[in-house]
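Please read the structure below before turning to the comments.
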Amino acid sequence: MENKGLTKVDLIFEKIDSKKVMVKAFAMSSAEIIQSMLDSGLKGRGGAGFPTGLKWKYTAAEKNPDKYIVCNADEGEPGTFKDREILDRVSNKVHGGMAIAGKAIGAKKGFVYLRGEYRYLLPKLMIELDSFHKMIHEIGFDFSIEYRMGSGAYICGEESALFESIEGKRGEPRNKPPYPTTSGVFEKPTSINNVETLVTAMMIIHHGAQNFIQYGTKDSRGSKVFSVSGDTPTPGIFELALGMTVQQFVNEFGDGDTKAVQVGGASGFCVPRKKFAETIIGFEGVPTGGSMKLFNSSRSMYNVLHNYLDFFTEESCGQCTPCRVGCQQLLKGVEKVKKGEAKSTYLTELVKLADTMKIAAKCGLGQSVGNAFKSIVGNFKEEIIY
Amino acid sequence: MYQIGNLVKELSDKHGHARESLMPILQAIVQKHNYLTDEAMVEVARELDISAAEVYGTASFYTFLDTQMKGKYVIRVCKTITCSMKGKGDIIQTLEEILKIKVGETTTDRQFSLIETNCIGWCHKAPAILINEMPYTELTPEKVNEIIKDYMHK
Amino acid sequence: MINLFINDQKVSVIEGTTVLAAAKKLKINIPTLCNHDDLCVAGNCRVCLVEQKGARTLMASCATPASEGMEIHTNTLKVRNARKHIVELLLSEHRSDCTKCYKNQNCELQSLANDYAFGDHVFLDLVEDKKYNIDRSSPSFIKDDSKCIRCQRCVRTCSELQYISAISVANKGAHQKISSFHDRPMSQVVCTNCGQCVNRCPTGALVEKTYIDQVWDAIYDPDKHVVVQTAPAVRVALGEDLGYDPGERVTGKMVNALRQLGFNSVLDTDFSADLTIMEEGTELLVRLKKALVDGDKNISLPMFTSCSPGWIKFVEHKYPEFLPNLSTCKSPQQMFGALAKTYYAKKRKIDPSKIVSVSIMPCTAKKFEADRPEMRSSGYKDVDYVLTTRELAVMIKQAGIDFRNIEEANYDSIMGDSTGAAVIFGATGGVMEAALRTAYEIVTGREVPFGNLNITPVRGMDGVKEATIKIEGCVDAWKFLEGAELKVAIAHGLVNANKIMKMTREGKAPYHFVEIMACPGGCIGGGGQPIPTNLEIRKKRMKAIYLEDEHKVLRKSHENPDVIAIYKEFLDQPNSHKSHELLHTHYVERDNY
Ligand SMILES: Cc1cc2nc3c(=O)[nH]c(=O)nc-3n(C[C@H](O)[C@H](O)[C@H](O)COP(=O)(O)O)c2cc1C
Ligand code: SF4
Ligand code: SF4
Ligand code: SF4
Ligand code: SF4
Ligand code: FES
Ligand code: FES
């Protein structure tokens, strides 16, 4: 196991001359851009962690001349707020990253899907977008971006649900295959990338892939932005190299009494104190889109679990059986156990149900409800029962 | 009816008559009128040539596209874990006291509606709320008092 | 071709085939729920999950295209456990009072429960937490949300096949449900009552509103004279609910069974179908004359048929500007009803207030039609109760009739005679064919120039069919039509009807006469027909209809002796004052939501 410790990095918010980077990127061929992504080992920062270079490669290979690049700014995972901060501070880099992706895959049009909760950012973003459009017009690259707003539905962060929403429909995830790279928004080949992924991509073009891979580990290259909240004296946004242990993270951010860290939000994993030292933050350990929530010993893990289950019960799109009904059963189930109306052994049945949801649900939401459920129930069983 | 018809017409001329225009149009109506009346949804259905049930079905999927009456200022209190750990309960209680309504209700003068919502992306500054589209963070009952007073005088 | 393995057996399929279909090819059954042959893939129930070697999750076989070298297993421990969980989850949200349920023994959820989830259930009952609504407002069907499993078949039916979307999926998460516009009662929305959703609902969430008990009461009431009429499409489908394969004609047995049930008189809607041809054909010819010879600009063409009440309501809601284009003829059911309490009553010397008029229909929209305020021209409710094919099968079972082994019987007289032209009303294109057989002969004095009277261009399952008939050698009265080309079109399923209406609205429809049936395949695919339905089944029923036609001695409406008699004795002539009073109607504009 590689472990490089906790390293602070300044990449995402680094001040750059974005025109210069764009000129550099547009001078590269599509294949060269994709190759630098592959070389950098960059994996998507939206949570699923799919290699960005591959995603672009697949989309670039599609014959359909109408393609899209979509920036996923739906950031709904409880505990993440880094995309908002990125859009607030360096939206020029988000737009730039989209144009570079457009060049790589052969798209002339991009959409930013911004969650409704961040509408207050829109006036500022529109000004930024104007100057971006002027700039790439000057450079002579044919590419434009349009903002589409969400309206309060967490599931619209799931890529195919997001496409449905852009198309004016209910945000219900689609069957896969086909994958977005062949049939995405408006059924056209689409590369959908997280806000941070796009900025990182731009910075990789700027500094080169070699600079990026000095951080992180073999499975988790580079650095990323963490959203730190909960019981911590220093909540906020921090850019750190991947591959540290939860212990190292807690040493930096904990309040001295941390009993658990929820990594990756409600759909992520709960790491209890006894596993801090052995758990790596990254794709080889606990992956995260950036959400890091710390809980100290004053917190009831039953409340945490209940809050998450309540969240999923509401935010499931509701179309598929395992997720729609499964969430309700898990929620009602833990309530009954807590109240003593169901035997504690009922938790075993619920864990089995969570396992079924993991393999039977239609999309990532239903498939990841079990992560938090199993890791909290598994590690804090007494708190759930008594 | 007449008025909403004009607005919907204006909006669909601006955003287009394709299905993809549905969300922007509904969002714009909500920004202006706080919620979607049945008349508004019927008008939108007519303009976009889709069924009213589909307009309703789509709107009701999105928590911000309210199809029930809402006040001029919709207060959304984050109820997700960090806010809930950091005093969301006090915030709700304060709001209920000032506005004399419960969660889910609208003041009789139709100025304020109070509802709960899921994580709004300000967990590091919990507890947080949205009033229409403006976020307010690191709230205390005192701060909430001041903010609402300001809105009352708007 | 794509080669894959399912349960270690190799199978080759063409690209785009689903794993589910590939398995079927190997005679491997995978249970399904949201999947329906007539509808696009949903992939939401997850009952059809299978395991693919090397995949992290299970996959929905109905929604997964077969790919080269796939190794699928349909019955692993993982699959079985997940499937059991899924069925139990569905049941935990579902009010499972099977013994009180109309769909008992005919329910896809129940049979899944039977196969996969018998014994104790682990999950908690969620029904008690839900405020499920039961909507009984529609005269045609009941929508019981406590029986709904959210498979969305109804929603897909209403939008993909019927282009209405009177219902849609609303809300999300635990609150997700099937809803009309803002939860309005189904009787107050754009619903056409076609019942296509009812026909495809796998559970008891959408069922026809049944009037079986009312009909029994009438039968048992010694004061009442109960007449029953049977629509053309019933006789080729009823068998399916009584143990026959699709496509068997059971006309004679059905008549006998109705008599055994205690109906005082068993009559045939086919009689009034023939009558419809006389009235509608004449109306068409008159419209053509006024438009072509008199140059009357107020005449609306194309003229649309009006025998499908679902279609009528579709126009009333969605294309009200074309109400004048609808033939004013009532549907055969309502013509029959109006005559049962006038002509028939007079001839049989029965007080019309004592007559209870029942119709057996392949259709749920006819239940609505019978309730329309316009449908009281006899001075009474012209048709008292409308039962679907399915309800008739229930009554036959209730009465303990051994359907397979009873004798065949003939319809009673007065309004029981019919021709082959009337029989084919039950299939898309049939009204057109029947009308052409008669109109052509009136105009030219000769039979239609098609072998054995079979006008094949208007037959078949194409969504929209077109034909042009050149009129030559007219008799004197119709000389003005000499050389004219009569352009006709036929559409079935409202999604296809909508195509024609769009053309009409854009002024691009070149037709004189258009036949439209609300249901796919016409009445043989009606919302009240036996469940299940799919294209193959509808084709079999259609074949049976044309076979019935070929077996008839008389095959042209104007040759029906009962029809000739009624004009002589009662109605005078087609489109007479009397027939306008009894056999024609008008329509109303309705809201489009
Ligand atoms: C329920 C659910 C919610 C998601 N929400 C987000 C989100 O808010 N932002 C995001 O970038 N990705 C989100 N994703 C992941 C996206 O589906 C997709 O993988 C991602 O946008 C791809 O971008 P990336 O490769 O740059 O990470 C979500 C996935 C699921 C299943
Ligand atoms: S898993 Fe949940 S969110 Fe995803 S499709 Fe199924 S119901 Fe919808
Ligand atoms: S719908 Fe099916 S499972 Fe439900 S009560 Fe009726 S018969 Fe039973
Ligand atoms: S009866 Fe027909 S129109 Fe009405 S909801 Fe069902 S499918 Fe739609
Ligand atoms: S009403 Fe019937 S067809 Fe419609 S979703 Fe419910 S169970 Fe499925
Ligand atoms: S938990 Fe309240 S803003 Fe995230
Ligand atoms: S039948 Fe395949 S998911 Fe429902």
Go through (1) under 23 Å from C:ASN171 (Cβ atoms); (2) within 14 Å of chain C (Cβ to nearest Cβ) one by one and return the number of the condition B:ILE25 breaks. (2)
Pairs with Cβ under 7 Å, 6+ apart, first in segment C:55-74 and closer than 18 Å to A:TYR179 by Cβ, second assigned to a loop (DSSP other than H, G, I, E, B) and open to solvent by less than 10 Å² (accessible area, probe 1.4 Å): C:ALA60/C:GLY43; C:ALA60/C:CYS48; C:ALA63/C:GLY43
Any residue at all in segment C:177-196 that is in contact with a helix residue (DSSP H, G or I) (Cβ under 8 Å, 6 or more places away or on another chain), within 12 Å of another protein chain (Cβ to nearest Cβ), open to solvent by 10 Å² or more (accessible area, probe 1.4 Å) and part of a helix (DSSP H, G or I)? yes
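Hey, can you tell me all the residues within segment C:472-491 that are of a type in the set (A, V, I, L, M), more than 36 Å from the chain's Cα centre (by Cα) and assigned to a loop (DSSP other than H, G, I, E, B)?
Our first condition is that a residue be of a type in the set (A, V, I, L, M); within segment C:472-491, this holds for C:475, C:477, C:481, C:484, C:486, C:488-491.
Right, trim to more than 36 Å from the chain's Cα centre (by Cα) and you get C:475, C:477.
The one that is of a type in the set (A, V, I, L, M), more than 36 Å from the chain's Cα centre (by Cα) and assigned to a loop (DSSP other than H, G, I, E, B): C:VAL475.
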When you go through (1) more than 21 Å from A:GLN319 (Cβ to Cβ); (2) touching a Cys at 6+ places or on another chain (Cβ under 6 Å) one by one for C:ALA42, which number turns out not to apply? (1)
Within segment A:341-359, residues more than 9 Å from chain C (Cβ to nearest Cβ) and open to solvent by 60 Å² or more (accessible area, probe 1.4 Å) come out as A:GLU341, A:LYS343, A:THR345, A:THR348
Go through segment A:181-224 and count every residue that is in contact with a Gly (Cβ under 9 Å, 6 or more places away or on another chain), polar (S, T, N, Q) and assigned to a loop (DSSP other than H, G, I, E, B). 3
Looking only at segment C:352-387, and only at residues there that are within 18 Å of C:SER272 (Cα to Cα) and among the polar types (S, T, N, Q), the one that is most open to solvent (accessible area, probe 1.4 Å): C:SER377
Out of (1) aliphatic (A, V, I, L, M); (2) under 26 Å from C:PRO530 (Cβ atoms); (3) within 12 Å of ligand 3 (Cβ to nearest atom), what's the single condition that is false for C:ALA166? (3)
Out of C:LEU89, C:LEU33, report the one residue that is in contact with a Pro (Cβ under 7 Å, 6 or more places away or on another chain), assigned to a helix (DSSP H, G or I) and within 16 Å of ligand 5 (Cβ to nearest atom). C:LEU89
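Here is a yes/no grid of residues against (1) in contact with a Cys (Cβ under 8 Å, 6 or more places away or on another chain); (2) assigned to a helix (DSSP H, G or I); (3) open to solvent by less than 40 Å² (accessible area, probe 1.4 Å):
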residue: C:LYS78; (1), (2), (3): no, yes, no
residue: C:GLN105; (1), (2), (3): no, no, no
residue: C:GLN110; (1), (2), (3): yes, yes, no
residue: C:ALA113; (1), (2), (3): no, yes, yes
residue: C:HIS121; (1), (2), (3): no, no, no
residue: C:LEU124; (1), (2), (3): no, no, yes
residue: C:PRO139; (1), (2), (3): no, no, yes
residue: C:CYS151; (1), (2), (3): yes, no, yes
Count - residues of segment C:67-86 that are more than 11 Å from chain A (Cβ to nearest Cβ) and aliphatic (A, V, I, L, M): 3
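Go over the candidates A:GLU167, A:GLU187, A:GLU138, A:GLU158 one by one and state the one that is open to solvent by 10 Å² or more (accessible area, probe 1.4 Å) and facing chain B (nearest Cβ under 10 Å).
Details: A:GLU187 fails: facing chain B (nearest Cβ under 10 Å); A:GLU138 fails: facing chain B (nearest Cβ under 10 Å); A:GLU158 fails: facing chain B (nearest Cβ under 10 Å).
Residue meeting the stated conditions: A:GLU167.
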Residue match in segment C:36-51 (condition: part of a strand (DSSP E or B), within 11 Å of chain A (Cβ to nearest Cβ) and of a type outside the set (A, V, I, L, M, F, W, C)): yes
When residues of segment A:1-46 are filtered for being surrounded by fewer than 14 Cβ atoms within 10 Å (Cβ to Cβ), more than 20 Å from A:ILE139 (Cβ to Cβ) and among the polar types (S, T, N, Q), how many remain? 1
Just the residues that are outside any strand (DSSP E or B) and more than 18 Å from the chain's Cα centre (by Cα), please, taken from segment A:262-293. A:ARG273, A:LYS274, A:LYS275, A:PHE276, A:ALA277, A:GLU278, A:THR279
Starting from segment C:445-461, take each residue that is more than 24 Å from C:ARG541 (Cβ to Cβ) and list its partners that are of a type outside the set (Ser, Thr, Tyr) and surrounded by 13 or more Cβ atoms within 10 Å (Cβ to Cβ), counting only C-beta distances under 7 angstrom and pairs at least six apart or across chains. C:GLY445/C:VAL475; C:GLU447/C:GLU441; C:GLU447/C:LEU453; C:VAL448/C:LEU436; C:VAL448/C:ARG437; C:VAL448/C:ILE455
Among the helices (runs of 4 or more DSSP H) confined wholly to segment B:1-97, which include 3 or more residues that are more than 16 Å from ligand 4 (Cβ to nearest atom) and surrounded by fewer than 19 Cβ atoms within 10 Å (Cβ to Cβ)? B:2-15, B:22-33, B:38-48
Unmet requirement for A:LYS362, which otherwise passes all of (1) open to solvent by 10 Å² or more (accessible area, probe 1.4 Å); (2) within 16 Å of ligand 1 (Cβ to nearest atom); (3) part of a helix (DSSP H, G or I): (3)
By residue number, the members of segment C:538-566 that are open to solvent by less than 20 Å² (accessible area, probe 1.4 Å) and farther than 15 Å from C:ILE424 by Cβ are C:VAL563, C:ILE566
Residue pairs, Cβ under 6 Å, 6 or more apart or interchain, first in segment B:104-118 and farther than 15 Å from B:ILE148 by Cβ, second modelled with pLDDT of 95 or more and among the aromatic types (Phe, Trp, Tyr). List them. B:ASN118/A:PHE311
Result of the Cβ filter at 6 Å on segment A:100-119, keeping first residues that are more than 14 Å from chain B (Cβ to nearest Cβ) and open to solvent by less than 10 Å² (accessible area, probe 1.4 Å) and partners that are outside any helix (DSSP H, G or I) and hydrophobic (A, V, I, L, M, F, W, C), at least 6 apart or interchain, is A:ALA101/A:ILE69; A:GLY102/A:ILE69; A:GLY102/A:PHE143; A:ALA107/A:ILE69; A:GLY110/A:ILE69; A:GLY110/A:ILE145
For segment C:418-436, how many residues are more than 17 Å from C:GLY460 (Cβ to Cβ) and assigned to a loop (DSSP other than H, G, I, E, B)? 2
Quick one: in segment B:115-143, of everything that is farther than 24 Å from B:THR67 by Cβ and within 16 Å of ligand 1 (Cβ to nearest atom), which residue is surrounded by the fewest Cβ atoms within 10 Å (Cβ to Cβ)? B:TRP122
Tell me, yes or no, whether segment A:313-323 has at least one residue that is open to solvent by 10 Å² or more (accessible area, probe 1.4 Å) and within 16 Å of ligand 6 (Cβ to nearest atom). yes
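The values are calculated or read from the model by the stated rules, or taken from the named source; none is laboratory data. The structure displayed is predicted, hence computed values, not measured ones. Counting neighbours? That spans all protein chains shown, and the Cβs are built from the backbone with ideal geometry, glycine included. The protein model used for the area step is the full one, side chains on, heavy atoms only, and it has no ligands, DNA or RNA in it. Shrake-Rupley method; radii C 1.70, N 1.55, O 1.52, S 1.80 Å.
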